[in-house]
Amino acid sequence: MLRYIARRLALMVVLLFGVSVLVFLISHCVPSNPAAANLSQTALNDPEIVAAYEAKWGLDKPIWEQYIIYMKNILINHDLGTSIRTGRPVLDELAQYFPATLELSVFAMLIAIVLGITFGVLSAIFQNKPLDYILRTVSVSGVSLPSFWFALLVMNLFCNVLGIFPSGNRFNPRLFDPTGGTGFYVIDAISWGNWALLGDVLAHLFLPALVLGFFTMGLITRQTRSNLLEAMSSDYIRTARAKGMKESRVVVRHALGNALVPVITVSGMGFCNLLGGMVFVENIFSWPGIGQYAYLAATNLDFPAICGVSLLIALIYVVVNLFIDILYGIIDPRIRYQ
């Protein structure tokens, strides 16, 4: 197991290096001008201002030289560069925005896993019955509906029409000021004993987490149902039933455990896929996370910020996949990496 983890960590370094090369080349080969995106029209009419701007951000150098400087700053100075849009270090901005995205992703995955496994188990138990058809329809809808359309639908219904949930931001800035904590407002509110803040944060968190988790919930439901039906048709399940074991014990203790390994893969990849929907959902709900930061970086041609976000997302993908592979050996004793 240790040798396997060491090989995966070495592969992680190679993969991140390849991602950095691709992202740097693609972002710099786009036929666009960062100066035009960030300078006023008056400044653009002055060649000296444009030349000074390009020299300040290294845009006047060949692309290979820009990449070498960029990688040298990362490896030696642990510096992801300075944002062209804000003038702040990209690493500091990622540290500011990432807690919001991680908190939202965790709650979205909790919703997806709890509902997905529950719906999948019920759908398998009541196979080809009305409840099965209803749950399968819900799971297919979760997989099929575009996240941005579902987000707009949910926001309009629950925020504008019914007025049950607040829309936008992570908390009500007129009532609370949760600065000075970890950036994870749920944890901060619990540690401070501020239950009013906790309720407000959870109210703001629920809808975007539901929208993001809906897609992954559909995948988990379908995967759980198919794997559980396959497991329940096995010989050892028929033996357990023949011994007079209760059906609930047969399903939960014997069948479900063997059906969870593929579900872990779907859950892990679903967690990574959440980051793909972050850009739309965070902008719709005005959620100050990585998705909104990536959108602002892309629209302003902020190359250091674009590369920083891409490396962070690639790192999350690699770490999550490594964690999934390790879980295989823990959940299923038959799976061991030598």
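Before moving on, here are some points about what is shown:
- Close pairs from the stretch 1-23: first farther than 19 Å from ILE326 by Cα, partner surrounded by 11 or more Cβ atoms within 10 Å (Cβ to Cβ) and modelled with pLDDT under 75, Cβ under 6 Å, at least 6 apart: none
- Applying the condition of being crowded, with 18+ Cβ neighbours inside 10 Å and out of contact with any helix residue (DSSP H, G or I) (no Cβ under 6 Å at 6 or more places or on another chain) to the stretch 175-205 and asking which residue is nearest to VAL140 (Cα to Cα) yields HIS204.
Here is a yes/no grid of residues against (1) within 24 Å of the chain's Cα centre (by Cα); (2) under 30 Å from ASN169 (Cβ atoms); (3) not small (Gly, Ala, Ser):
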position	(1), (2), (3)
ASN73	no, no, yes
LEU80	yes, yes, yes
LEU91	yes, yes, yes
LEU94	yes, yes, yes
VAL121	no, no, yes
ALA124	no, no, no
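- Matching entry among PHE165, PHE158, PHE215 (being open to solvent by 40 Å² or more (accessible area, probe 1.4 Å) and under 17 Å from LEU110 (Cβ atoms)): PHE215
- Tallying residues that are without any contact (Cβ under 8 Å) to a residue 12 or more places away in the chain, in a loop (DSSP other than H, G, I, E, B) and either within 21 Å of the chain's Cα centre (by Cα) or closer than 16 Å to TYR97 by Cα (or both) within the stretch 154-206 yields 3.
- Selection of the stretch 306-338 for residues being within 19 Å of ILE84 (Cβ to Cβ) and either at pLDDT 85 or above or in contact with a Leu (Cβ under 6 Å, 6 or more places away or on another chain) (or both) yields GLY308, VAL309, LEU312.
- Test: residue in the stretch 142-150 that is surrounded by 20 or more Cβ atoms within 10 Å (Cβ to Cβ), modelled with pLDDT under 85 and under 19 Å from GLN292 (Cα atoms): yes
- Any pair with Cβ under 8 angstrom, 6 or more apart, that starts in the stretch 80-97 at a residue that is buried (at least 21 other Cβ atoms within 10 Å of the Cβ) and ends at one that is in a loop (DSSP other than H, G, I, E, B) and modelled with pLDDT of 85 or more: TYR97/PRO288; TYR97/GLY289
- Condition check for PRO262: outside any loop (DSSP other than H, G, I, E, B), within 30 Å of ILE313 (Cβ to Cβ) and of a type outside the set (S, T, N, Q): yes
The values are calculated or read from the model by the stated rules, or taken from the named source; none is laboratory data. Everything quoted here is computed from the prediction, not taken from an experiment. No Cβ is skipped: glycine too gets one built from the backbone with ideal geometry, and neighbour counts run over all protein chains shown. Only protein heavy atoms, including side chains, enter the accessible area calculation; ligands, DNA and RNA are left aside. Shrake-Rupley method; radii C 1.70, N 1.55, O 1.52, S 1.80 Å.
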